[in-house]
Structure formats: structure tokens, C-alpha cells
1. Quick check, is L147 closer than 21 Å to P89 by Cα, open to solvent by 60 Å² or more (accessible area, probe 1.4 Å) and aliphatic (A, V, I, L, M)?
2. Could you tell me whether R98 is outside any strand (DSSP E or B), open to solvent by 50 Å² or more (accessible area, probe 1.4 Å), under 20 Å from I13 (Cα atoms) and at pLDDT 95 or above?
3. For residues that are within 20 Å of E103 (Cβ to Cβ) and β-branched (V, I, T), scanning just region 25-57, find the one that is surrounded by the fewest Cβ atoms within 10 Å (Cβ to Cβ).
4. Do you know which residues across region 110-160 are touching a strand residue (DSSP E or B) at 6+ places or on another chain (Cβ under 7 Å) and either assigned to a helix (DSSP H, G or I) or hydroxyl-bearing (S, T, Y) (or both)?
5. Collect the residues in region 1-14 that are in a helix (DSSP H, G or I) and either in contact (Cβ under 8 Å) with a residue 12 or more places away in the chain or open to solvent by less than 40 Å² (accessible area, probe 1.4 Å) (or both), keeping them in residue-number order.
6. What is the number of the single condition among (1) among the small types (G, A, S); (2) in contact with a Phe, Trp or Tyr (Cβ under 7 Å, 6 or more places away or on another chain); (3) touching a residue at least 60 places away in the same chain (Cβ under 8 Å) that G95 does not meet?
7. Does any residue in region 58-73 that is under 13 Å from A5 (Cβ atoms) come within less than 7 Å, Cβ to Cβ, of a residue that is part of a loop (DSSP other than H, G, I, E, B) six or more places away or on a different chain, and which pairs are these?
Amino acid sequence: MIRTATPADIPDIQALIRELAEYEKAPNEARATDEQLHEALFGEHPAAHVHLATDDETGENVGFAAWFLSFSTWRGVQGIYMVDLYVRPAARGRGHGRALLTELARICAERGYERLEWSVLDWNRPAVGFYESLGARPQEGWTVYRLTDDALAELAKSAD
């Protein structure tokens, strides 16, 4: 049911990313090209990894988890930061999301990583309930910040 993505999976990964962006009400934010994904996932120095959930009967890719390595200065070891988890609505409730997270947890345990972390939109109550059913807990008191586009460019220019 769960497998590591290959370069041949780029079109399916791209479709899943776009579906996730639609679900998260931000379709114009998903701008990665096939070439960018190929380089990020399968280039000389991969920046991220993807695992796919496939339907047992049809073999269709119905979900994915995208992740990269993080590091905890407090723990002194690497961890996994899951940037995306998505299962197509028609395939939900059949264990694909749990299987994807289980695979990432297995990788953590196998490699000695002490954290598996991710962000979830606060309005996404089904996802919050799912994550909490697995034992995950929100990190109270922490707020995610992000610099992009013009603000990122302006700050970078101030270094000159």
C-alpha cells in the first residue's frame, strides 16, 4: 500500500499536490513545476522525499506524504518534518493516511530520529481529529511564521 516515489510518479505527485492546494483553498499557491519536483526529489542532493499510498485493488496512487529532514538542537538528532499529507476524498477511511504516517514513524525509529512533526490548518477539524487519534498533540504556544515573495526579497536586499 505504501511505497517510495520514483521519477515516473511526478505527474501523479503533481496532481495530488494540486488537489491538496484546492482542498486547502489555495490553488494558486501550488506553483512547483515538474522539473522543480524532479530536482527536489530525485536530483543529486534531494531536498525532500515522497511516499505514495496506492489502492490495493487498482494500483492507483491515492495519497502522498512529502517530507524532509529536520534537526533538533535540543535533542541533538535529526527528525522528519512532514510538509504534506493528502489522501484523495474517495480513498479516505481505508487506512492510507495512517499507513503513510506509520511509514514515516518507522523511518524515524529505524534511523534514531526523535521527532515526526507537521503543521495542520486550524480549520481542518477532520485532520486534527485524525492526528490526535494517533497520539499526536498540538504544540501549544507556538505560531508558524513565514517570509515569502516581496517580504522575503526585501529582507534579503537589506543584507547588501
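1. In short, no.
2. yes
3. Going through the qualifying residues, I end up with T54.
4. Scanning region 110-160 gives a single hit, Y113.
5. The answer is P7, D9, I10, P11, D12, I13, Q14.
6. (2)
7. If the second residue must be part of a loop (DSSP other than H, G, I, E, B), the pairs left are G63/R88; A66/A48; W67/A48.
The values are calculated or read from the model by the stated rules, or taken from the named source; none is laboratory data. What you are looking at is a predicted structure, and each value in this text was computed from that prediction instead of being measured. Positions of Cβ are backbone-derived with ideal geometry, glycine not excepted, and every protein chain shown enters the neighbour counts. Only protein heavy atoms, including side chains, enter the accessible area calculation; ligands, DNA and RNA are left aside. Shrake-Rupley method; radii C 1.70, N 1.55, O 1.52, S 1.80 Å.
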